[in-house]
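Input: a single structure, listed below in C-alpha cells.
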Amino acid sequence: TEFDVVVVGSCNMDLISYVPRLPKPGETIHGDKFSLGFGGKGANQCVMAARLGAATAMVAKVGEDVFGGNFIQNFKDNGVNVDHVQETKEASTGVAPIAVNQDGQNSIIIVSGANLKLTAADVREHESVITHAKVLICQLEVQPETSLEALRIAKQHGVTTILNPAPAEATLDPELYKLSDVFCPNETEAEILTGLPVTAVEEAEKAADILLHKGCKKVIITLGEKGCLCKSSMSEKGIHVPARKVSPVDTTGAGDAFVGSLAYYMACHKDLRLEEAIQNACHISSISVCSPGTQTSFPYRKDLPQELL
Ligand code: RIB
Ligand code: NA
C-alpha cells in the first residue's frame, strides 16, 4: 500500500490542567478544569494529516496498558493505519502532564515511557511503510537514532522528509539536518539550535540561514501569532507568511497542526507552491488554537472551507 504521509514518532497521553497562571517552583495552585487527551507530537501530526484526508500510517510504540489500547483505537477512529504501532511490556505509554494558563500558553512535562523503546531496528523492520510513503515526518520525542534511521531510509528511496526538531536539543546530530527536505522548528527550538534570539521575522531569517548552512534544503520557522518564515537553500530572501489574527484559547499542539497539515498539502497537493501550502497550514493551525485541547482542537475536512481542501 502507498501512503501519503507516514509518521515515525511519539504517542503521549496528555493530562491537561487549565490554570489561572502557571505555577512557580515550589508553589501549589488550584486548576479550574482537567481533561485527558491523545497527544504526542508524532500522533498529533499524523492525526492532523489524516483528518485533512491524507492516507496515513503511524510507526510508534505504546505500553500494554489502558492508555496504549485507547491510543490504537483513537488512531483507527481517525483512519490512521496502525499495522506498525506496537505494544510493549517494557514501559508504560508516554504521558504528558500539561498546564494551560488563561492566555492559552502552556508548559509541558513529558514522561516518554514506551516512546523510547521504539528502536532503529524496529524502524528497519517496518521499512516498507516508509519506502511507500510520499512524505515522512519525524520529531525528537523518540530516540534520535530512531528518527535518523527513518529519515535515512526515506532519503534512500526518494521520499520527501519533514523534520520537526521538537523538543529541541542544543546538540543535534548533524546528519539530521542533511536528511531533512523541510526542517521545521518553532521560534524557541530555532533559538536553542542556533544560539540566536528568534523573536522577530528578521531574526528568524538569520536563524534560518544558519540552519540551511547545516544542510537542510528548506527551513520553516513557526513564529506563533507572527506566522512563519520560510527560506530555502536556493533563494536569497526568506518568505514571511503572516498568521490570521485570532484570540487563542489553547495553543497546545498548534505546531503539530501546522506540521501535519503541511505534510498533507505537500503529499496530496503537489501543484501548490510551498508558500501556499504554508499559508494553508498556518490557517489550519490558527483554527486549532481557538479551541481547547490538542487533537480535540484539530479540524476535520468536512468543517473546512473549500479553498483549504
Ligand atoms: O506538541 C504538543 C504535544 O507535545 C502534546 O500533545 C504533548 O504530548 C507533547 O508531546
Ligand atoms: Na488547541
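So what is the 222 nm mean residue ellipticity for the chain from helices alone, if each DSSP H run of at least 4 adds -39500 (n - 2.57) and you divide by all residues, rounding to the nearest 500 deg cm²/dmol?
That calculation yields -10000 deg cm²/dmol at 222 nm.
Please work out whether region 221-272 counts as rounded, prolate or oblate from its C-alpha gyration tensor, where a ≥ b ≥ c are the square roots of the eigenvalues and a/c under 1.5 means rounded, while otherwise a/b larger than b/c means prolate and anything else oblate?
Judged from the Cα gyration tensor, region 221-272 comes out oblate (a/c at least 1.5, b/c at or above a/b).
Using Cα centres only, tell me the gap between region 234-308 and region 8-25 in whole Å.
22
Give the residues of region 216-247 whose amide nitrogen is closer than 17 Å to a point set 7 Å from the Cα of D209 in the direction of its Cβ.
Answer for region 216-247: 216, 218-221, 229-240.
At a temperature of 4 °C and a viscosity of 1.567 mPa s, determine how fast region 151-309 diffuses translationally according to Stokes-Einstein, using the Kirkwood radius over alpha-carbon pairs as Rh; express D in µm²/s, rounded to the nearest whole number.
Values: Rh = 15.9 Å.
In µm²/s, the coefficient rounds to 82.
Ranking C46, C282, C268 by Cβ neighbours within 10 Å, fewest first, what do you get?
Least crowded to most crowded, the residues run C268, C282, C46.
Return the loop-located GluC sites (Glu not before Pro) in region 1-101 (DSSP other than H, G, I, E, B) with at most 14 other Cβ atoms within 10 Å of their own Cβ; answer none if there are none.
Here the sparse-neighbourhood loop sites are E2, E27, E90.
As a quick test, which of the pairs K155/K214; K117/K178; K214/K270 have an alpha carbon distance above 21 angstrom in this structure?
K117/K178; K214/K270
Going through region 158-201, which GluC sites (Glu not before Pro) have at most 16 other Cβ atoms within 10 Å and a DSSP loop state? Kindly include the intermediate steps, with their values, before the conclusion.
Numbers: sites: E169, E175, E187, E189, E191; in loops: E169.
Here the sparse-neighbourhood loop sites are E169.
Find how many whole Å separate the alpha carbon centroid of region 114-156 from the alpha carbon centroid of region 199-231.
Each part's Cα centre sits 25 Å from the other's.
Please compute the modelled spin-label separation between E145 and R21, points set 7 Å along Cα→Cβ, answer in nm with one decimal.
4.5
Three principal axis extents, largest first, for the C-alpha atoms of region 157-219, in Å?
For region 157-219, the Cα extents along the three principal axes come out at 37, 20, 16 Å.
With the Cα gyration tensor of region 26-106 giving a ≥ b ≥ c as the square roots of its eigenvalues, does the rule (a/c under 1.5 for rounded; else a/b larger than b/c for prolate; else oblate) give rounded, prolate or oblate?
Judged from the Cα gyration tensor, region 26-106 comes out oblate (a/c at least 1.5, b/c at or above a/b).
Rounded, prolate or oblate: pick one for region 203-249, where a ≥ b ≥ c are the square roots of the eigenvalues of its C-alpha gyration tensor, a/c under 1.5 means rounded, and failing that, prolate if a/b is larger than b/c, else oblate.
Details: a/c = 3.07, a/b = 2.40, b/c = 1.28.
Verdict is prolate for region 203-249.
Please report the antiparallel percentage of DSSP beta bridges with both residues in region 74-173, rounded to the nearest 5. Don't skip to the end; give the middle numbers.
Numbers: 4 of 8 bridges.
That works out to approximately 50 percent antiparallel.
If you restrict to DSSP beta bridges whose two residues both lie in the chain, what percentage is antiparallel, to the nearest 5?
40
Please report, in cubic angstrom per residue, the volume enclosed by the convex hull of the alpha-carbon atoms of region 90-137.
Dividing the Cα hull volume of region 90-137 by its residues yields 104 Å³.
Non-local amide H neighbours of A60 (under 5 Å, H modeled in plane, Pro and chain starts lacking H): which ones?
V85, Q86
Rank the residues S232, S107, S180, S261 as a footprinting-exposure proxy: fewest other Cβ atoms within 10 Å of their Cβ go first.
Arranged by neighbour count, lowest to highest, S232, S107, S180, S261 become S107, S232, S180, S261.
Over the Cα atoms, compute the radius of gyration (one decimal) and Dmax (the largest Cα-Cα distance, rounded to a whole number) for the chain, in Å.
18.0, 53
Calculate the spin-label point distance for E169 paired with E307, positioning each point 7 Å from the Cα along the beta-carbon direction, and give it in nanometres.
Computed distance between label sites E307 and E169 equals 4.2 nm.
Starting from the Kirkwood radius over alpha-carbon pairs of region 50-190, derive D by Stokes-Einstein at 25 °C in a medium of 0.890 mPa s and give it in µm² s⁻¹.
Result for D is 152 µm²/s.
Counting other beta carbons within 10 Å of each residue's own, what order do L148, L309, L176 fall into, fewest first?
L309, L148, L176
What is the diffusion coefficient of region 109-208 in µm²/s, taking the Kirkwood radius over Cα pairs and the Stokes-Einstein relation at 10 °C with a viscosity of 1.306 mPa s?
D = 111 µm²/s.
Each value in this text was obtained by applying a stated rule to the coordinates, not by laboratory testing. The model shown is predicted, which means the values in this text are computed figures rather than measured ones. Here Cβ is always computed from backbone atoms with ideal geometry, including for glycine, and neighbour counts include all displayed protein chains.
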